[in-house]
Structure formats: structure tokens, C-alpha cells
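Reviewing the structure listed below.
Taken together, the values in this text are just the output of simple stated rules run on the coordinates, not laboratory data. Remember, it's a predicted structure, so these values are computed and weren't measured experimentally. Ideal geometry is used to build each Cβ from the backbone, glycine not excepted, and the neighbour counts take in all protein chains shown.
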Amino acid sequence: MNRSITDPAPLRWGLTLLALVFLGLFVALPLAAVFSQALAKGWQAYWAAIREPDALSAIRLTLLVAGIAVLSNLAFGLAAAWAIAKFQFRGKNILVTLIDLPFAVSPVIAGLIYVLVFGARGWFGDWLDAHDVRIVFAVPGIVLATIFVTFPFVARELIPLMQSQGTEEEEAGISLGAGGWQVLYRITLPNVKWSLLYGVILCNARAMGEFGAVSVVSGHIRGQTNTMPLHVEVLYNEYNFAAAFAVASLLAILALVTLAAKSLLEWKMRRVYSELRVEANPEA
Amino acid sequence: MRGAWFQRYSILPGFWGSLGLSMLYLSLIVLVPLSAIFLKTASMTWPRFWSAVTSPAVVASYRLTFGASLGAALVNAFFGFLVAWVLARYSFPGKKLVDALVDLPFALPTAVAGIALTSLYSENGWVGRRLAPFGIHVAFTPLGVLVALIFIGLPFVVRSVQPVLEGADREIEEAAASLGANRWQVFSRVVFPIVRPALLAGFAMAFARALGEYGSVIFISGNMPMRTQITPLLIVAKLEQFDYAGAAALAVVMLAASFVLLLAINLLGSYSRKFMESP
């Protein structure tokens, strides 16, 4: 490369060092702190904190809530992407903007809206009370708030990709006599599987780690409505730091696994989708 | 033909089903519950609304929330640009790992980030211990809020600037250099203008994200009234006192602020597209 546009070595090293110091201070150090604090009282205390009944019930609740949130946002994401990417209709841009709306809303507000609707003094508070249904300060509220904050993840991965893939393959399938679901399973889903998985992984990470929205609607009932992040908060506020960091370390491991899967999928997607493009226009 | 004015004809099935399902789900989960905030606020009289959103504790929380968010977004604009530059232009051992770690603030639950930063920056933490002799206290001060918001917003600028730097045509730089521009002139007159829209967009996204942040801040801030309480915390406090209308009023103010920011991001987006398309 032309020397005149390559930075001189001292500048290169200086800038790289500065960037690494910044990332070390703000990213690597907090991560290291989680694990070192978690093991501050040794492995036995670590295991005890994780296997304690309240921690186990928090882990179970987190898995349940994330499972429901991911599945329902996956179904929604597919439906929305099918309508938006495969058809031309009026008001499409408004729909795309509305789908991204939850990312612009503070998690606390995401929790607040369900309290306003379903809380004791909310719209349906009296009716729910009369029928003995609990939504806020119970699992359904946690599920709703989690679905809200993870709402756009799958849809926003699928929509641009399915738009770029066009409708020719699906139209060929239909004109050769395949049904709608057959086209979905045999043509559309295989074409988007890596992006779909990518969206699901990001959705799951956020669903398991959500704190603000869930904290507003949960009521913090130990062993009943505490998810893992809420259990971390409870332990931390009780000055039980080693136990708090032990549960937090599980969430940190989840974050690291998510990052690894994300990098792997990004690499895979670059390869697969560039192959698809080459197949589409071989002369390019 | 049914709805021809609305939808262009296609032989593919499932349009009304998939659109209907998406609209229903979007309305039930997002639109109707969000409208509750505005309806609840509309039930307040104007003087009550005004006093709820301008009480001294609330105004102090705006100052902290907006000030720290702006500060964090500025720090991230500078260091995010630096990190993007280093990742896009240089090579060094472990670069792939560093690149992946940049996204950690997206993946790490905010409560975990909050307690980790608090333990680092408290008086006897790894970092706080070294700052205390200089009289710098981070945990339980407004500075702590800034640190948490820097962490949360870190990936936005990097991830919006990095692809632009990687995709930029180096031949333009060579042309500028061969016409006699020095290194600094090439950067400030050629490279920076190409990256500027992405940098502004990343800055605005980091700013918007910081405004609403809750989980990572409440641990490190100490939540002292008038001093280190952020606006989302006051919403939670009002809810805990069953002051639903007051909480909704604050939420309306925050949503209005995010809306203005989102509008700015979209305008920047269309500006940058126009900029890139123009010859």
C-alpha cells in the first residue's frame, strides 16, 4: 500500500494502545471483576450460592420467561417479515418504524405501561381482582415486559434479508403447485436460517438479562417472581456480595456464549449470503 | 379485487394472515399499553402535570440524566471512533477477540454491569482504590453515573463507524496524498467527512440509550435525592408510592425526549444517504 496513506508506526502503536486501554478499563475489567468477586469466597461458596433454592427458582423462571418471549417474538418476527418483505402495500414504512419502537423506550417505561394497564389501580385492575387473575407482580407481567423489550430482535434481522432475497423463489414454488406452508418450510426458512438464529440468540440474551422492565412489574417476591437479574439485585442489597456475583457470573457466561455465537454466525452469514449473491448473478 | 388500492397483487399466499397477526400482536404488546401512558397523563389537570414534571427533585434528575448521557455519548464518540479506527485500519494480535468484546455491553445484563462497575470503582475496588488518593470518587457520585453510561453506550459508535471506515475507498486518500495533502489534511478533509454521518448517528444512538438506562446506573449512583437520582429511578419511586399519574407524566417527558432524538437520528440517516449518493 502507498506509504503516504499508511499511518507511521509510532502513531499506529500509540492509537492501538490507547484504544486497548480504554476497552480494558471499560469492558475487560468489569468482566474480570464479576468472576473474581464470584470466587472471592472459594468454589464451595460459589456452588452453594448457585444451588440454593431461591437461586434455582430464579434460574427456572428466567429460562421459562426467555423461552416464551423468544418463541412468541419468533412467530411474530416471521409473520411481520413475510408481510413486509414479500408484499407491496401502503403504510409499510410506518409498520417497520413501529416494530423498532420498543428499542427507543426506556426499560422502566416498558414495565410502567403494564402496571398502568393491569396494576391494582390500572385499567383492568378491578376486573382482574374480581376474577382473581394476577398479571402484575406475577409471572404473566414478567413475560409481557420481557416480550416488549425483546420485541424487534427477530423481525429486524429477517426483514432486510428477506427483502433483499425478493419473491422469485417463492413464486416459482407456488406456480409449481406448492402450498403456502410448504413454501415457507422448504424455501423461505432455509434461505434465512442463519439470520433467524442470529435474531433468536440476541433476543434470548436480552430476555434472560432484562432488569429494568422486569423489576418494575415483578414485585420481587423471592422464590416466586425473581428472575436471575432480580435475584442478583436482592442478594447485592443484602450485602451478600459473593452470592450476588456468583449468580451474576452465570449471566456473564451467558453473555460470553452469546458473543461467541454471534461472531460465529456473522462469519457464517457473510460466507453464505455472499455465495447466494454469486449464484444470483454469476457474471458479477 | 379485494384491497387493490392497499396492496399490489401477488400470487404468494398469506398476506392478510401475516399482516393481521403482526398488527394484532404489535397493538396488544406495544401500541395499546404505550397509549396508557398518554391517557393516564391526559387525566391530570395541567397544573398538576406541570408540578409533577418540574418539582425540584425531578429537575435535578433531568440535569443529571441529560448531562451524564450527553457526557457519556461525547466520550463514546471520541473513544468509539478511536476503537473503530484501530479495528478497521490496523492489525494486531488478538484483534478478532477485541472486536467481539466490543459488543459485551450489548450482551451483558445491565444489573451485572452495574454491580461489577460499582465493585471496581468503590473506595476499595481495583480502580477506586487508585483514584481515591487523588480525591476522585466515582461510585455513589454523578461521575459513577457517567461511567455506567459510558459502558452502556460503548458499542454504538464503534458499530456504526467501523463498517464505513472498512468500506471507504482508500484510492480517494491516495489521490489526496498524491496531490500533496499531508496526513492530517487527508484525515480531516477526506476521511472524516465520509465518516461524520455515521459518527453522528452512533453518538445519537448512544445518547438515546443512555437517557433510558436504569439497571447499570442504580447500583453505582447510590440514588441520593437531588444528587445522584436519575429520572427512570424517579418513575420507579413514584410507582412504588402508587402515584401512577406522576409516573406516567415523567414517562411522557422521557418519551418526548427520545422521540426528538429518534427524529434527529432519522434526519441524519437521510442526510448521510444523500451525502453518500451525491457525486
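Quick notes on this structure:
- Summing Lys and Arg as +1 and Asp and Glu as -1 over all other residues whose Cβ lies under 12 Å from the Cβ of A:Leu264 gives a net charge of +4.
- Sum of side-chain charges, B:Ala88 neighbourhood, beta-carbon under 15 Å (Lys, Arg +1; Asp, Glu -1): +1
- Packing around the peptides B:139-151, A:45-57, B:181-193, taken as the average count of other Cβ atoms within 10 Å per residue, puts them in this order, highest first: B:139-151, A:45-57, B:181-193.
- Peptide-level mean, for B:248-254, of C-beta atoms on other protein chains within 10 Å: 3
- Out-of-range pairs (alpha-carbon distance over 32 Å; input A:Lys86/A:Lys268; A:Lys92/B:Lys238; A:Lys41/B:Lys95; A:Lys92/A:Lys193): A:Lys92/B:Lys238; A:Lys41/B:Lys95
- Partner chain coverage, peptide A:208-220 - average Cβ within 10 angstrom: 4
- Annotation: the residues A:Lys86, A:Lys268, sorted from fewest to most other C-beta atoms within 10 Å of their own C-beta, follow the order A:Lys268, A:Lys86.
- Computed helical MRE - 222 nm, chain B, DSSP H runs ≥ 4 contributing -39500 (n - 2.57), nearest 500: -23000 deg cm²/dmol
- Screening chain A for whole DSSP H helices of 18 Å or more along their axis (Cα) with average Kyte-Doolittle hydropathy at least -1.0 returns A:9-23, A:53-86, A:153-165, A:189-209, A:241-280.
- Considering helices alone, the calculated mean residue ellipticity of chain A at 222 nm is -24000 deg cm²/dmol, with DSSP H runs of length four and up weighted by -39500 (n - 2.57) and normalised per residue.
- Gyration tensor verdict on chain B (Cα atoms; rounded if a/c is under 1.5, prolate if a/b is larger than b/c, oblate otherwise): oblate
- Whether chain A is rounded, prolate or oblate, judged on the alpha carbon gyration tensor where a/c under 1.5 counts as rounded: oblate
- Annotation: peptides A:99-106, B:53-60, B:13-20, ranked by per-residue average of other Cβ atoms within 10 Å with the highest first, follow the order A:99-106, B:13-20, B:53-60.
- Positive dipole terminus of segment B:1-119, leading residue within B:Val102, B:Ser22, B:Trp85 (C-beta point charges): B:Ser22
- Taking a ≥ b ≥ c as the square roots of the Cα gyration tensor eigenvalues, segment A:51-123 comes out oblate, since a/c reaches at least 1.5 and a/b does not exceed b/c.
- For the residues of A:14-23, the average number of beta carbons from a partner chain within 10 Å of their own beta carbon is 6.
- Peptides A:245-251, B:38-44, A:176-182, A:158-164 ranked from most to least packed by the mean count of surrounding Cβ atoms within 10 Å: A:245-251, A:158-164, B:38-44, A:176-182.
- Hz values of 3J(HN,Hα) by residue in segment B:120-131 - Karplus curve (6.51, -1.76, 1.60), Gly and Pro given as x: 6, 9, 6, 3, 10, x, 4, 8, x, 4, 7, 8
- Relative contact order of chain B, defined on C-alpha pairs under 8 angstrom at six or more residues apart (%): 28
- Taken as Cα centroids, segment B:1-75 and segment A:153-212 sit 26 Å apart, rounded to the nearest whole angstrom.
- Which of B:Ile136, B:Thr118, B:Tyr62, positive extreme of dipole for segment B:54-277 (C-beta unit charges): B:Ile136
- Taking amide H atoms as placed 1.01 Å from N in the peptide plane, the amide H of B:Val102 has no partner under 5 Å among residues 5 or more positions away or on other chains.
- Using θ = phi - 60° and Karplus 6.51 cos²θ - 1.76 cosθ + 1.60, couplings along segment B:176-192 (whole Hz; Gly, Pro as x): 4, 5, 6, 8, x, 6, 7, 4, 5, 5, 4, 5, 6, 9, 10, 6, 4
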